[in-house]
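Below: the structure, in structure tokens.
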Amino acid sequence: MELNLDLSRELVNFENKEKQYTIPIFIPHKGCPNSCVFCNQKKISGQTKDVTVEDVDNIIKEYLNYYDKTDKKIEVAFFGGSFTGIDKKLQEAYLKVAYKYIESKHIDSIRISTRPDYINDEILKLLSKYRVETIELGVQSMDKDVLNASKRGHSDKDVIYASNLINKYNIRLGHQVMIGLPESNLQKEVYTIKECLKLKPKQLRIYPVYVIDESELYNMYEKNIYVPLTIKDAVKRCIAVIHECQKEDVSIIRLGLQSTDEITCNNSKIVGPISDNLAEYVIAGIIREKIDKILDEINIEGKELIIHVLPKYISTTIGPKKINKIYFENKYNIKFKVKGEI
Ligand code: SF4
């Protein structure tokens, strides 16, 4: 039996990623007054040196040696979780350096990430002045109990206020959400995404929680108060969340931890759903669900199944470590093949 598989609807949120180079500048938010349980900021504070304005200039110059602007757009991204929480004069000094490269047409845009409670008119006026194109808000959850248990120090209302204000300033809105926070579950994560989507973010980052040494969560894990997600659970929850996005115009630009956002993993002990290719497992799971629905309605036992997909989806249809091939061959007692044509 042969089957043409159109995955355009299921994987639409992974398709419209703008191709661009990123110049990452990690600004550790020293002395952050918050104490999110998953953060090892205290560790960062003691060990990371300040990033000077000259450092920012040098980092941009260095990356520009490697990037070919004729090829893709170039974005300077200030990572570190709470850019707008740092001293205003220093923020402006950093932005001025990056803006100089926009004016000279060496880079195209600036992105920052920050907390929802660090957004107001004054801050947005400053960011607009330096043509910051994208603001990513660390939403993490829209469930009150999860926010409290994670000691985020902001509310769901802060997320709504900040998102609406960013949209009003015509700055591209991004949301970061976490999967597997204390007190969270699949239903609360689906709720979070639904609430986020109402605020019309253009892009999403979805991070399963990693438990990092010297964070409060690590202590909770050692005392058995917090149990990290398994990779299987993280994949299941990510799939549920992504289903909610499929009808919306939002790009999923990251699935899995980026160590330069909010926390650092350097030299740390880490526990949790650690996987270099979590996104591949999630996409393979979405494809598996689609094929499963079709096969459940026909009798295919003992036959050969050839799935035709666009060439770019061959490996994810088979799945990492052939997970889908093994699943279908065992479940339906078939020979499972994938071809790159449709
Ligand atoms: S995650 Fe961000 S806001 Fe929370 S404590 Fe760490 S640096 Fe501060």
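Looking at segment 3-22, which of its residues are closer than 25 Å to ASP68 by Cβ and either part of a loop (DSSP other than H, G, I, E, B) or at pLDDT below 90 (or both)?
Matches in segment 3-22: PHE14, GLU15, ASN16, LYS17, GLU18, LYS19, GLN20.
Give the residue, chosen from HIS106, HIS154, that is in the same structural domain as ILE27 (by TED's automatic domain parsing), assigned to a loop (DSSP other than H, G, I, E, B) and either of a type in the set (S, T, N, Q) or over 23 Å from LEU204 (Cβ atoms) (or both).
On the way: HIS154 fails: either of a type in the set (S, T, N, Q) or over 23 Å from LEU204 (Cβ atoms) (or both).
The unique qualifying residue is HIS106.
Just one of GLU304, GLU329 is of a type outside the set (Val, Ile, Thr) and modelled with pLDDT of 95 or more; which is it?
On the way: GLU304 fails: modelled with pLDDT of 95 or more.
Answer to the selection: GLU329.
So in segment 31-43, with the set limited to residues that are surrounded by fewer than 21 Cβ atoms within 10 Å (Cβ to Cβ) and either near the ligand (Cβ under 9 Å from one of its atoms) or modelled with pLDDT of 75 or more (or both), which one is nearest to GLN91 (Cα to Cα)?
PRO33
If we scan segment 126-138, do we find a residue that is closer than 17 Å to LEU95 by Cα and exposed (fewer than 15 other Cβ atoms within 10 Å of the Cβ)? Walk me through it before giving the result.
At the first step, the residues of segment 126-138 found to be closer than 17 Å to LEU95 by Cα are 126-136.
If we keep only those that are exposed (fewer than 15 other Cβ atoms within 10 Å of the Cβ) as well, we get 128-129.
Looking for residues that are closer than 17 Å to LEU95 by Cα and exposed (fewer than 15 other Cβ atoms within 10 Å of the Cβ), one finds at least one in segment 126-138, hence yes.
Could you tell me whether any residue of segment 317-327 is touching a residue at least 60 places away in the same chain (Cβ under 8 Å) and in contact with a His (Cβ under 8 Å, 6 or more places away or on another chain)? It would help to see each step written out before you state the result.
Step one: of segment 317-327, the residues touching a residue at least 60 places away in the same chain (Cβ under 8 Å) are 317.
Subsequent filtering for residues that are in contact with a His (Cβ under 8 Å, 6 or more places away or on another chain) retains none.
Within segment 317-327, not a single residue is touching a residue at least 60 places away in the same chain (Cβ under 8 Å) and in contact with a His (Cβ under 8 Å, 6 or more places away or on another chain).
Quick one: in segment 220-274, which of the residues that are away from the ligand (no atom under 16 Å from the Cβ) and at pLDDT below 85 is surrounded by the fewest Cβ atoms within 10 Å (Cβ to Cβ)?
Among those residues, the one meeting the criterion is ASN267.
Taking only pairs six or more apart or across chains, which ones have beta-carbon atoms under 7 Å, a first residue in segment 76-89 that is over 16 Å from THR134 (Cα atoms), and a second residue that is within 13 Å of the ligand (Cβ to nearest atom)?
That search, which allows pairs on different chains as well, returns GLY85/HIS29; GLY85/CYS32; GLY85/THR114; GLY85/ARG115; GLY85/TYR118; ILE86/ILE27; ILE86/HIS29.
Which condition does GLU122 not pass, out of (1) out of contact with any Pro (no Cβ under 7 Å at 6 or more places or on another chain); (2) surrounded by 16 or more Cβ atoms within 10 Å (Cβ to Cβ), if it passes all the others?
Condition not satisfied by GLU122: (2).
So which residues in segment 56-66 are surrounded by 11 or more Cβ atoms within 10 Å (Cβ to Cβ) and either at pLDDT below 95 or in contact with a helix residue (DSSP H, G or I) (Cβ under 8 Å, 6 or more places away or on another chain) (or both)?
VAL56, ASP57, ILE60, LEU64 - these are the residues of segment 56-66 that are surrounded by 11 or more Cβ atoms within 10 Å (Cβ to Cβ) and either at pLDDT below 95 or in contact with a helix residue (DSSP H, G or I) (Cβ under 8 Å, 6 or more places away or on another chain) (or both).
Out of all the residues in segment 70-84, which are farther than 13 Å from THR22 by Cα and surrounded by 20 or more Cβ atoms within 10 Å (Cβ to Cβ)?
GLY80, GLY81, SER82, PHE83, THR84
Can you find, within segment 85-119, the residue that is nearest to the ligand (Cβ to nearest atom) among those that are small (Gly, Ala, Ser) and surrounded by fewer than 17 Cβ atoms within 10 Å (Cβ to Cβ)? Steps first, answer last, please.
Taking segment 85-119 and keeping what is small (Gly, Ala, Ser), we get 85, 93, 98, 104, 109, 113.
Right, trim to surrounded by fewer than 17 Cβ atoms within 10 Å (Cβ to Cβ) and you get 93, 104.
Working: ALA93: 20, SER104: 32 Å.
Result: ALA93.
Name the pairs whose Cβ atoms lie under 6 Å apart, with the first residue in segment 152-164 and at pLDDT 95 or above, the second in a helix (DSSP H, G or I), and 6 or more positions between them or separate chains?
Qualifying pairs under 6 Å: HIS154/PRO116; HIS154/ASP117; ASP158/PRO116; ASP158/ASP117; VAL159/PRO116; ALA162/PRO116.
The values are calculated or read from the model by the stated rules, or taken from the named source; none is laboratory data. Since we're looking at a predicted model, the values are computed, not measured. A quick note on method: Cβ atoms are made from the backbone with ideal geometry, for glycine too, and the neighbour counts reach across all protein chains shown.
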